[in-house]
1. Give me the net charge for the shell around ARG141: Cβ to Cβ below 13 angstrom, other residues only, Lys and Arg +1, Asp and Glu -1.
2. Say R0 is 30 Å: what FRET efficiency, to the nearest 0.05, do ALA186 and ASP456 get from their beta-carbon distance?
3. Roughly how many nanometres apart are two label points built 7 Å out from the Cα toward the Cβ at LEU129 and ASP22?
4. With just the Cα atoms defining each centre, how far is the range 1-72 from the range 200-277? Give it in Å.
5. Using the Cα centre as the reference, give the magnitude of the dipole from point charges on the C-beta atoms of the chain (Lys, Arg: +1; Asp, Glu: -1; all else neutral), rounded to the nearest 20 debye.
6. Quick one: what do you get for the chain if you divide its Cα Rg by 2.2 N^0.38 Å?
7. Under 12 Å from the Cβ of SER3, count the other residues' Cβ atoms, weight Lys and Arg +1, Asp and Glu -1, and hand me the total.
8. Which of the three applies to the range 1-57, rounded, prolate or oblate, going by the alpha-carbon gyration tensor with a ≥ b ≥ c and a/c under 1.5 meaning rounded?
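Laboratory data are not the source of any read-out in this text; all were calculated from the coordinates shown. Keep in mind that this is a model prediction, so the values were computed, not measured. Virtual Cβ from ideal backbone geometry, glycine too; neighbours counted across all protein chains shown.
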Amino acid sequence: MLSALILWPWLVALWLAGRAQDSHRLAVPAALFELLLALAVLFGADTPDSRALHLPLLGYLWYLQNSSLGATLAVTAAALLPFALLFAWRLEEFRGFAIAALVLVGALMGTFFSQNFLGFYLFYEIVALSGAWMILIGGDRDRAAALRFLLYTVGGSLLLLVAVLYLYLRSGNTNGIYSFSWTHLAAAAAPDPDLAWWLFLAMLAGLAVKLPLFPLHSWAGPAYGRAAPPASMLLSGAAVLAGAYGLIHWAIPLLPLGALHFAPYGILLGAIGTLYAAFLALDAPNLRRFAAWVSVSHMNLVAIGLFALQEQAVHGALFLLVAHAVLAAGLFGVIAILEARGLPGHWDALGGLFRQTPQLGAWMLFFFLTGMGLPGLANFPGEFLSLAGAFRVSPWPAAIAALGILLSVVVFLRAYERVMLGPLNPGIARGTGDLAGRELALLWALGLLCLWLGLDPQPLLGQFQGLLPVHSAVLFGGVAHGH
């Protein structure tokens, strides 16, 4: 089952590469089947491990193991795929986008379940390559944005590889077994605190750049802002899951001392990033950049929760990861709908659109309220838990992050005013149509997910209950981090 989650979208992508006429007819059903597989892994009986490709001194390169966290993130990524494909339905480059999206989601499944680091690393690099391809083939087709995204992610992941190579050699020297499996790497003797600090920074460089954590965020604005909205939906909602998962499953458990020493700095960087990205969103030149920086602001809030190393904050951060994926689909879905009507998203080309499209205006307001963290909607439980846990650990950085959340209210309301309110912009055609049937159905589905996550967060939070004892119970029980 775990192998099928990876191989199924890749096989469909291979099929589409050779049969252009099947792209629309096959891509969405294949994406829905991928979602069913992910749900079966999450809610089904115990899924057996999958092992293959055993190599001397490396272990099983294809070593997949199920976990509640990995399965939850797998469902999140798989759920975004059909939304992205349906919002991209009218794009000229639909076939190329569908191939890249299927490859990216298949690689994400590999990152969520790999227990051999080299397997994780290979899947992680495929996520970067397919993401860069999506930026390059759609939207503004900005080569510089695609290259910056690729250089940041691949360059950072090389440092990640170097750090784990050291742990691999240390593990082999300790127990005589050279393997990149999680179990063997975790069994190595802990390096001294100074070395653990530098090793953790190296792993962080490869993983936090995908999140993206301030100051490794500068690729996100051009990447999300230049790609087609459905591609940005996957990059900002799904690809970021790989970086967060790498931190919680690999970096923090393998180097707990390094994580503990970096934690105060990580909380501070996340707080600065939350506030700074909100200011960038306020100054964004168009809707795409606005949504890009809003996404970066929320991901830095996720970083605060992760680096608080406190149960409540970590659960809130992981909840916010899932909630933000739904929000990203809503934000970039609305932008895709506007662009399908010939509205490029620049502020000077918008204004008064509510008069022409009241249903779209209502749904835009709904997703903007979700992004503000309105109680009862998807973002609120994650934001509240992340900040509440972080306040117990580092009050002042948490207060800075709270200012970022307050500023986001101004950011969203200002953007809504520029798009929907006031007199109708003379450049907007009088016959601009409101939501069509497929568009309305997609927004209703996303809206119901936002309401469910906001009103009944416990089922999702329950998926994270076993996380801390499994990964790093000693670290999270520390008095220094206010359990």
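1. So the surrounding residues net to -2.
2. 0.30
3. About 2.3 nm, to one decimal.
4. Taking the Cα centre of each part, the range 1-72 and the range 200-277 sit 25 Å apart.
5. My answer is approximately 680 debye.
6. The value comes to 0.93.
7. 0
8. In terms of gyration-tensor shape, oblate.
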